[in-house]
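See structure below.
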Amino acid sequence: MRADDLNITELIDIDPQRGEARCAGSRVLLLDVVAMGLLRRQLIETWGAAAARAVLTRFAFAHGWRMAEAMRAEVHFECAEEWSQAGGRMAMLQGLLRLAPDSDPLSPAGARVEASYEAEQHLLHFGPADAPVCWTLAGCASGYLSRTQGKAIYVLERRCIAQGDAACQFMARPAEDWGAELEPHLPFFGSSLGPSFGPGELDATLRGAAAPLVHTGRPLGERDRAPLVRHRQDVRAPDLVAHSPAMQRVRDLALRAARVDATVLITGESGTGKERVASLVHEASTRAQGPWLAINCGAIPEHLLESELFGHARGAFTGATHDRVGLFEAAGGGTLLLDEIGELPPGMQVKLLRVLQERKVRRVGENHGRPIDIRILAATHRDLAADVASGRFRQDLYYRLKVIELCVPPLRERGEDLLPLAHELLAEAARRAGRPALRMSPQAEHALLGYAWPGNVRELENVLERAAALAPGRCIERDDLPDEVWQRPLAPPLATGIRPLEEIEREYILAALARNHGHQTRTAAELGIGVSTLYRKLKKATSQAARPSPQRSARRLAQRG
């Protein structure tokens, strides 16, 4: 038989009396696509994209391998090549994808998938992706081809509908042909792939996929924790906008800190992007494949915080109906960010210090410690040194956290970063709003440059989110921005009476320069003049301020007389 001759009605056998369905002789289940999409969402939201991808890829590998075994046992193919090509045909018959004609993942051009249930479900639950997301399709194809080829074949997705491509593209090659390109993807496949893959290896592979999840599980009933505990949904290091010297220093120091396992304290005003810097430290570290968890210490009541961080034993208190893993254990092998550490109550400061010193946690209701293997990052907008001086924050805990300190500058001190950051945030806002790419007019850019941004990057993000949602065209105009961003006084208040125009111009320039914190390029752009013109006017204003006025000279002569 040829692969194109496969007929699902001939392969499927349903016995309603026994409640069984078989495909090519093997018992199968008929699963709803929406249910699979919800399962995918729960995995990502609960354990993060890295763990979810590992589980789905390895599960699908086993499915593909088993399907190849069943096809060989039940169907007589004309040749081994037809057996190999039957995998794509079976995936179409099962409703997983729509394959373009003459597509073969083993060919140099790869397989072109015109419709993917996995990309469809990812877009439904998460919106556009930044990287390929058809993990089960790649895993299933890898398992099927590894069985038919008699050696480990790795299928990688080069393009994906979920990230805006016209079709998904899958390439299949042995490990030696992939070279270094395969290395970032190997952890998701596991190590038990090859021609000897069988039931024992299948069990080991699925156990390996589940191992990182043993410490991160939580009951589905704890949905209320979702706003407080955030899990990354991407595995790529965040691209920090760092054109300004101050932010470049932060980025370079963060990358150096990522090479070691020391505790890092990240400080800065609210909204400056401290969590993104923390995420960079995690993703650039050797723990990048482990869990990434973040908790806002100020958002959880004190009487619940200990259980949230350290876990509890069954019966430890009223309502503790089962053992619960705390975040310190859940982040095993990865990184835990303690956001707003400055809000930690005094009692919890003592307990946290003990955990950092002993590297063990004791669940509420237990009398023995459990070893932990995690990287601790802490962030705060408070001046912890001042809190230590006032007795509000423990000095020993402060120095335990401040092994490496990263100070994130406010947006008003990152003039070179503002427009590049604004363009990036606007592109993200447009994608979330389902709009085509947007751009900003020069007037809108000047308005952004002239604003002080007391809310920092968070305020900028919200402003551009609003503009992307309300702008009638594809260009963001000044009027699409909130009034407070661009409606500023045209000139400083004038004294009573008529004053020389030259004096008013000098005061106006100095006021604009002060508003922009001395940034001459930004001030010149806002005033609509060149930087060299601004420099000449500033030089003239300085010399005039140092020279006594004619009225003052006349008064001095009169006094001498």
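The values are calculated or read from the model by the stated rules, or taken from the named source; none is laboratory data. The shown structure was predicted, so the numbers you read here are calculated from the model rather than taken from an experiment. Positions of Cβ are generated from backbone atoms using ideal geometry, with glycine treated the same way; all protein chains shown enter the neighbour counts. For accessibility, only protein heavy atoms count, side chains too; no ligands or nucleic acids. Shrake-Rupley method; radii C 1.70, N 1.55, O 1.52, S 1.80 Å.
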Can you find, within segment 431-444, the residue that is least open to solvent (accessible area, probe 1.4 Å) among those that are basic (Lys, Arg) and not in a helix (DSSP H, G or I)?
435
For residue 197, all conditions in the list (1) open to solvent by 30 Å² or more (accessible area, probe 1.4 Å); (2) modelled with pLDDT under 85; (3) within 21 Å of residue 91 (Cβ to Cβ); (4) over 24 Å from the mean Cα position of the chain (by Cα) hold save one; what is the number of the exception?
(1)
Residue list for segment 45-71, restricted to those being under 30 Å from the mean Cα position of the chain (by Cα), assigned to a helix (DSSP H, G or I) and either at positive phi or of a type in the set (Lys, Arg) (or both)
53, 58
Go through 416, 428 for me and flag whichever is within 25 Å of residue 296 (Cα to Cα), open to solvent by 10 Å² or more (accessible area, probe 1.4 Å) and either in a helix (DSSP H, G or I) or among the polar types (S, T, N, Q) (or both).
428
Being over 21 Å from residue 268 (Cβ atoms), in a loop (DSSP other than H, G, I, E, B) and in contact with a helix residue (DSSP H, G or I) (Cβ under 7 Å, 6 or more places away or on another chain) is the filter here, so list the residues in segment 380-395 that pass it.
394
Whether any residue in segment 338-356 is under 22 Å from residue 51 (Cα atoms) and either touching a strand residue (DSSP E or B) at 6+ places or on another chain (Cβ under 6 Å) or not aliphatic (A, V, I, L, M) (or both) is what I want to check.
yes
Expected output for segment 161-176 (first residue closer than 17 Å to residue 434 by Cβ, partner hydrophobic (A, V, I, L, M, F, W, C) and part of a helix (DSSP H, G or I), Cβ below 9 Å, 6+ apart or cross-chain) is 161/119; 161/123; 162/119; 162/123; 162/126; 163/119
Is it fair to say residue 122 is at negative phi and surrounded by fewer than 19 Cβ atoms within 10 Å (Cβ to Cβ)?
no
Within segment 85-113, how many residues are touching a helix residue (DSSP H, G or I) at 6+ places or on another chain (Cβ under 9 Å) and acidic (Asp, Glu)?
1
Among the residues of segment 154-168, which ones are open to solvent by 40 Å² or more (accessible area, probe 1.4 Å) and on the phi < 0 side of the Ramachandran plot?
158, 159, 161, 163, 165, 166
Check on residue 494, farther than 22 Å from residue 524 by Cβ and modelled with pLDDT of 90 or more:
no
Could you check how many residues of segment 396-413 are of a type in the set (Lys, Arg) and outside any helix (DSSP H, G or I)?
1
Among the residues of segment 76-117 satisfying the criterion of being touching a strand residue (DSSP E or B) at 6+ places or on another chain (Cβ under 7 Å) and polar (S, T, N, Q), which is most open to solvent (accessible area, probe 1.4 Å)?
103
Which condition number in (1) under 23 Å from the mean Cα position of the chain (by Cα); (2) under 22 Å from residue 184 (Cα atoms); (3) touching a residue at least 40 places away in the same chain (Cβ under 8 Å) is the one that residue 139 fails?
(1)
Among 350, 361, 355, which is the only one that is within 13 Å of residue 308 (Cα to Cα) and either open to solvent by 70 Å² or more (accessible area, probe 1.4 Å) or among the hydrophobic types (A, V, I, L, M, F, W, C) (or both)?
361
Taking segment 294-323 on its own, how many of its residues are assigned to a strand (DSSP E or B) and open to solvent by 40 Å² or more (accessible area, probe 1.4 Å)?
1
Matching entry among 377, 280 (being part of a strand (DSSP E or B) and under 30 Å from residue 414 (Cβ atoms)):
377
Looking at 521, 533, 542, which one is among the hydroxyl-bearing types (Ser, Thr, Tyr), modelled with pLDDT of 50 or more and open to solvent by less than 70 Å² (accessible area, probe 1.4 Å)?
533
Suppose the filter is modelled with pLDDT of 85 or more, of a type outside the set (Val, Ile, Thr) and in a helix (DSSP H, G or I); does residue 42 pass it?
yes
For segment 108-117, indicate whether the set of residues that are at pLDDT below 85 and out of contact with any Lys or Arg (no Cβ under 6 Å at 6 or more places or on another chain) is non-empty.
yes
Of the residues in segment 39-75, those that are more than 22 Å from residue 186 (Cβ to Cβ) and crowded, with 24+ Cβ neighbours inside 10 Å number 1
